[in-house]
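A quick write-up on the structure given underneath.
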């Protein structure tokens with residue numbers, strides 16, 4: 001129980017630090033924020049559908065759909081695949097609440113962003129780690145006030 005509180009506290013500290021940094025940066029115009037909040041659930045849905053083959057491949061299920069390519073499940077993929085899948089699952093769970101502008105869904109997207117930062121770190125993609133995570137967190141914290 002104490003460990004859960006400690007982990008929760010660390011995530012809250014990360015969130016607070018990111019929020020402090022984003023507040024020091026120029027703010028997006030209100031109409032741009034509204035557009036992002038309005039269309040991001042739809043974009044998320046499209047990205048999840050497009051990512052579905054990757055998920056199936058990571059689970060080895062693509063081999064079941066392609067005759068001659070092998071049979072059965074193959075779980076020989078690296079941890080990087082599983083981190084990516086975890087991020088996709090968080091986004092899928094957040095999707096219904098994003099349409100309703102729920103803070104709980106915003107948090108799931110935030111957690112997904114943290115998971116993707118871990119993914120970029122594990123895959124040694126430092127450009128995406130710094131630039132991609134920075135941009136996504138900037139946008140995410142710019143629209144935070146639209147979620148209740």
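Just so it is clear, none of the values below were taken in a lab; they were calculated from the coordinates. Since this is a predicted model, take the numbers as computed values, not measurements. Glycine also receives a Cβ, built like all others from the backbone with ideal geometry; neighbour counts cover every protein chain displayed.
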How much length is gained on full extension from residue 50 to residue 135, taking 0.36 nm per residue of separation minus their Cα-Cα distance? 28.4 nm
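Grab the Cα-Cα distance for residue 23 and residue 121, subtract it from 0.36 nm times how many residues apart they are, and report the gain in nm with one decimal.
On the way: separation 98, 0.36 × 98 = 35.28 nm, distance 2.52 nm.
Separation in residues times 0.36 nm, less the Cα-Cα distance, equals 32.8 nm.
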Stretchable slack from residue 104 to residue 12, in nm (0.36 nm times residue separation minus alpha-carbon distance): 31.7 nm
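Counting other C-beta atoms within 10 Å, which of 42, 106, 81 has the fewest, and how do the rest follow? If you can, show how the numbers build up before the last one.
Values: 42 12, 106 22, 81 18.
In order of increasing Cβ crowding within 10 Å: 42, 81, 106.
What ranking, highest mean first, results for peptides 84-93, 120-129, 23-32 when packing means the other Cβ atoms within 10 Å averaged over each residue? Provide the component values of the computation, followed by the final result.
On the way: 84-93: 18.7, 120-129: 14.3, 23-32: 9.9.
Per-residue mean Cβ counts within 10 Å order the peptides as 84-93, 120-129, 23-32.
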